[in-house]
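This report concerns only the one structure given below.
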Amino acid sequence: MSEKVVLTYGTFDLFHIGHLNLLRRLRQLGDRLLVGVSTDEFSKLKGKQPIISFTDRAEIIRALRCVDGVFPEECWEQKAGDIRKHCVSVFGMGSDWEGRFDELKAYCEVIYLPRTEGISSTEIRKTLKILDRAHTRELKQALDLVSSIVERLD
Ligand code: CTP
């Protein structure tokens, strides 16, 4: 019997437990798990500005025990071709994509798995930005303090 290939796509920026849970569950659905990692350009097109470069994101995904192959995701239209090329049986994504890829049911089984609650790369990126602003404020306050001390020395 031929092996069952599972396929998924994503940016996987700031790799976290939600990503790992999804990839492990997908791998359990078949014999091989392939992952299309979104390039930096395609991620931007999807409205995400990754902090970690494509090269590093792809390397992290490739190093996982539950992942058997990685390739770049460069556009929306490549999915049907990838499914045919890799003889994919199951196409799976997290539930935030529910219904968005139903047209691929013409080529293979399409499933949406529940997302892990309470964690998201977008939320981590937002927190980092807030911290960054807070840090800039702290630095400015420290500089003001130093210059007031220097002025008093004059
Ligand atoms: N995912 C998940 N549980 C999470 C976060 C992500 O199951 N808590 C899944 C997504 O549904 C998707 C895959 O992981 O199928 C890759 O998601 P990606 O968009 O790269 O990561 P997110 O953390 O969802 O990033 P964002 O918040 O920017 O959408």
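Annotations for the structure displayed:
- Each of Arg62 and Ser148 was given a label point 7 Å from its Cα along the Cα-to-Cβ line. The distance between the two points is 5.4 nm.
- Near Lys48: Cβ cut-off under 10 Å, other residues only, Lys/Arg at +1 and Asp/Glu at -1. The net charge is +1.
- Label point distance in nm, Leu131-Cys87, each placed 7 Å from Cα along Cα→Cβ: 4.6 nm
- Peptides 115-128, 86-99 ranked from most to least packed give 86-99, 115-128, packing being the mean of other C-beta atoms within 10 angstrom over each peptide's residues.
- Over the chain, Cα pairs under 8 Å with separation of 6+ residues give a relative contact order of 26 percent.
- Environment charge of Gly10, counting only residues whose C-beta is closer than 13 Å and scoring Lys/Arg +1, Asp/Glu -1: +3
- Cross-link reach is defined here as a Cα-Cα straight distance under 25 Å, omitting same-chain residues fewer than 8 places apart; for Lys85 the lysines meeting it are Lys4, Lys46, Lys105.
- With K and R counted +1 and D and E -1, the other residues having a Cβ less than 13 Å from that of Leu33 yield a net charge of +4.
- Rel. contact order, % - alpha carbon contacts under 8 angstrom, at least six apart, the range 76-154: 23 percent
- Cα-based radius of gyration of the range 1-144 once divided by 2.2 N^0.38 Å, which approximates compact folds: 1.20
Read-outs throughout are calculated quantities, based only on the coordinates presented, and are distinct from any laboratory measurement. Remember, predicted model here, so these are calculated numbers, not experimental data. Heads up, the Cβs are rebuilt from the backbone with ideal geometry, glycines too, and the neighbour counts pull from every protein chain shown.
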